[in-house]
Amino acid sequence: MEEDLIRYIAENLVNDPEGVTLNRRDAGRNVILELRVAQGDMGRVIGKSGRVANAMRSLLRAMTEDDHRGRRVILEIE
Amino acid sequence: MESIEKTGDTVEAAIAAGLAELGVTAAEVMVEVLEEPSRGLFGLGAKPARVRLIMMASRRPPEPPAPPPAAKITSPEPPVTEKPVRQDREKPARPPRQRSTPRPARSAQTEAEDDDEDMHAMAAPTGDEISDEQADDHARVAKEVLLELLKRMEIDARVGILRAESTRDGEEMHWILNITGKNTARLIGRRGETLSALQYIVRLIVSRRLQGRANIIVDAGGYKASRSERLKQLANRMADQALSQGRTVTLEPMPPHERRIVHLALRARTDVMTKSIGEGDARKVTISPVKSS
């Protein structure tokens, strides 16, 4: 599942893996993943110019690309 | 955590506005580009750039002189030693305090990617797949991380380790992790975007676990290896064309590591010179004949 992927990546990049929470929310046919990490770890999951966040989004896109229902998974980091 | 969102005509303008509002320098925030500006058609439907600036929790006492490698990930301005290319291009040093606008975010990012891909441009393997025992810790951990990622992406694949051809003398050994299986086409993505994302994440996690740079190239079904070979041939063909027609030839837009392959492929030729022009996704290589004097 998409959230397992994001959780794995986040937990392996932060200093405080216990501070990682991931919430999955349906929004119409799309899915929203809300990733929260400890304050000091924000930069680690976002990255320079959002590069880490964008890499995670690329992987999510690859996972849902050939989904017939046109479902999208949106990653929000807050 | 303090963060604000700003809009502007360009990404740079939006960042500058955000910095002004927060009253901080570019070094104190992380910038996430939420939306690139779009010009729209004849000015209709134009959308401004949107960025989010996040204050870094680094208002602590000065960092120790040698920051731990982990800091590399969050630092918006990595050590200059990693960026000899950009240093050359920069105008003579200005006192940083007087810098009212940040370095243009977009080109800075492109340069950073170039640097990052620099050593990994050549994805051509030497020899056959090797066993885990013949590889080093970086390669073994990278393979393990990659398999964990693939499992969570619900892709049933195996990963082989190969040695990469070195692009210059005395550089560290690079490893290629080649993914094979039935769904690997899905892992390539548009212009190799998915592979780049996987590679980036794998390198980040490996260098966090093991310290030091992870010289890892992630490939799928030999896509990069053959793409690299085709690009080298294309580069030489276009160079010949530039010479025979006596004009500059412009290639299609390419991602940073592919442009790098073209530059490197023609570096040894003295009859042509290469340059990258354009910004972001539209950045492309031009090949021009060199007039022999």
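Worth pointing out:
- Amide proton proximity set for B:LEU34, modelled H, under 5 Å, gap of 5+: B:ARG50, B:VAL51, B:ARG52
- Label zone of B:SER244 (point 7 Å out along Cα→Cβ, amide N under 18 Å): in the range B:264-293 this covers B:271-273, B:287-290.
- For the segment A:60-67, counting C-beta atoms of other chains within 10 Å of every residue's C-beta and taking the mean gives 4.
- One Cα centroid belongs to the range A:15-65, the other to the range B:248-293; the line between them spans 36 Å.
- Using just its DSSP H runs of length 4 or more, each adding -39500 (n - 2.57), chain A gives a mean residue ellipticity at 222 nm of -12000 deg cm²/dmol after division by all residues.
- Within the shell of other residues whose beta carbon sits under 11 angstrom from the beta carbon of B:GLY189, the net charge comes to +2, with Lys and Arg scored +1 and Asp and Glu -1.
- Farthest positive-ward along the range B:192-293 dipole, Cα basis, beta-carbon charges - from B:LEU195, B:HIS263, B:MET238: B:HIS263
- Neighbourhood charge, 15 Å Cβ-Cβ cut-off, centred on B:GLU229 and excluding it, Lys, Arg +1 and Asp, Glu -1: +3
- Approximating the spin labels as points 7 Å out from Cα along Cα→Cβ, the B:MET173-to-B:SER38 distance works out to 4.8 nm.
- Residue-span extension gain [A:THR64 to A:ALA38] - 0.36 nm each, minus C-alpha spacing: 6.5 nm
- Computed E for B:ASN183/B:GLU28 - FRET, C-beta separation, R0 45 angstrom, nearest 0.05: 0.55
- Simple spin-label estimate for B:SER131 and B:ARG190 in nanometres, 7 Å along Cα-Cβ: 4.4 nm
- Cβ crowding within 10 Å averaged over residues, with A:56-67, B:256-267 ranked highest first: B:256-267, A:56-67
- More than 18 Å apart - percent of Cα-Cα pairs taken over the range A:2-77: 36 percent
- Exercise: per-residue mean of other protein chain Cβ atoms within 10 Å, B:28-38: 3
- Cβ neighbours within 10 Å from other chains - mean over B:220-232: 0
- Total formal charge among the other residues, if their Cβ is under 11 angstrom from that of A:ALA53, Lys/Arg +1 and Asp/Glu -1: +3
- From most to least packed by mean Cβ count within 10 Å, the peptides B:237-243, A:26-32 give B:237-243, A:26-32.
- Database remark: amide H of B:ALA124 closer than 5 angstrom to the amide H of B:GLU165 (H placed geometrically; neighbours at sequence offset of 5 or more, or on other chains; Pro and chain starts carry no H).
- Pairs spanning more than 26 Å between alpha-carbon atoms, out of B:LYS151/B:LYS232; B:LYS224/B:LYS284; B:LYS182/B:LYS224; A:LYS48/B:LYS182; B:LYS151/B:LYS224; B:LYS182/B:LYS232: B:LYS151/B:LYS232; A:LYS48/B:LYS182; B:LYS182/B:LYS232.
- Under 11 Å from the B:ILE277 label point (7 Å along Cα→beta-carbon), backbone N, the range B:228-257: B:248-251
Bear in mind that the values in this text are calculations on the coordinates, not laboratory data. The structure displayed is predicted, hence computed values, not measured ones. Neighbour counts are summed over all protein chains in view; Cβ atoms, including those assigned to glycine, are modelled from backbone coordinates with ideal geometry.
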